[in-house]
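The values are calculated or read from the model by the stated rules, or taken from the named source; none is laboratory data. Small disclaimer: the values here were computed from a predicted structure and weren't measured. Positions of Cβ are backbone-derived with ideal geometry, glycine not excepted, and every protein chain shown enters the neighbour counts.
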C-alpha cells in the first residue's frame, strides 16, 4: 500500500496550529472585551467551533484505512463537545441560580475544544499511525 502523505512534512501541521492559536486568541479577546447578547454569543461559538473543526479535518486529510478511526474520532469529539457546549450556553443564559461548578464545567469544555491541545494530540497520533503503517 502506497501512501501519498509524508509524515515528516510538518508545514500543514504548523499552518493549522497557527490558525488555531489565532482563532483561540480571537475567541478569548472578543469574549473579554465585548459582552455579547445571547444570540451573538451563540453565533460566535458556532463560528469558532466550525473554524477549529474544519482546520483539524483538513489536517487529518483524506481518510485512508490507517487514519479512518482517527478522522471519525475527531468528528465525533467535536460534534458531541460542541453540542454539550452549546446546550450549556443555553442553560447558562436561561438559568438564574446556576451552580458555579456546572458553570465552570461548560466553560472548561469550551476552552478544551477551542484550545490547540486536541489538535496537537490528533496530529501526533496521525504521524505515529502513518509511521507505524509505513514500517509494515
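How many of the residues in region 103-131 are farther than 23 Å from residue 55 by Cα and without any contact (Cβ under 8 Å) to a residue 12 or more places away in the chain? So that I can check it myself, show each step before the final result.
Step one: of region 103-131, the residues farther than 23 Å from residue 55 by Cα are 103-105.
Restricting the remaining residues to those that are without any contact (Cβ under 8 Å) to a residue 12 or more places away in the chain gives 103-104.
So the answer is 2.
Looking across region 32-62 at every residue that is over 11 Å from residue 126 (Cα atoms) and assigned to a loop (DSSP other than H, G, I, E, B), the one that is modelled with the lowest pLDDT is identified as 62.
For region 63-101, the candidate set comprises residues that are assigned to a loop (DSSP other than H, G, I, E, B) and either touching a helix residue (DSSP H, G or I) at 6+ places or on another chain (Cβ under 9 Å) or surrounded by 13 or more Cβ atoms within 10 Å (Cβ to Cβ) (or both); within that set, the residue that is modelled with the lowest pLDDT is 63.
Can you spot a residue in region 112-126 that is under 22 Å from residue 43 (Cα atoms), exposed (fewer than 14 other Cβ atoms within 10 Å of the Cβ) and modelled with pLDDT under 85? Yes, there is a match, as at least one residue in region 112-126 is under 22 Å from residue 43 (Cα atoms), exposed (fewer than 14 other Cβ atoms within 10 Å of the Cβ) and modelled with pLDDT under 85.
Can you tell me how many residues within region 68-89 are farther than 30 Å from residue 126 by Cα and in contact (Cβ under 8 Å) with a residue 40 or more places away in the chain?
Initially, region 68-89 is screened for residues farther than 30 Å from residue 126 by Cα, giving 87-89.
Now restrict to residues that are in contact (Cβ under 8 Å) with a residue 40 or more places away in the chain: 89.
Residues meeting the conditions: 1.
If I ask for residues that are closer than 24 Å to residue 64 by Cα and either in a helix (DSSP H, G or I) or at pLDDT 75 or above (or both), which ones from region 1-31 would you list? Give the derivation first.
We begin by selecting, within region 1-31, every residue closer than 24 Å to residue 64 by Cα; these are 1-17.
Result: 11, 12, 13, 14, 15, 16, 17.
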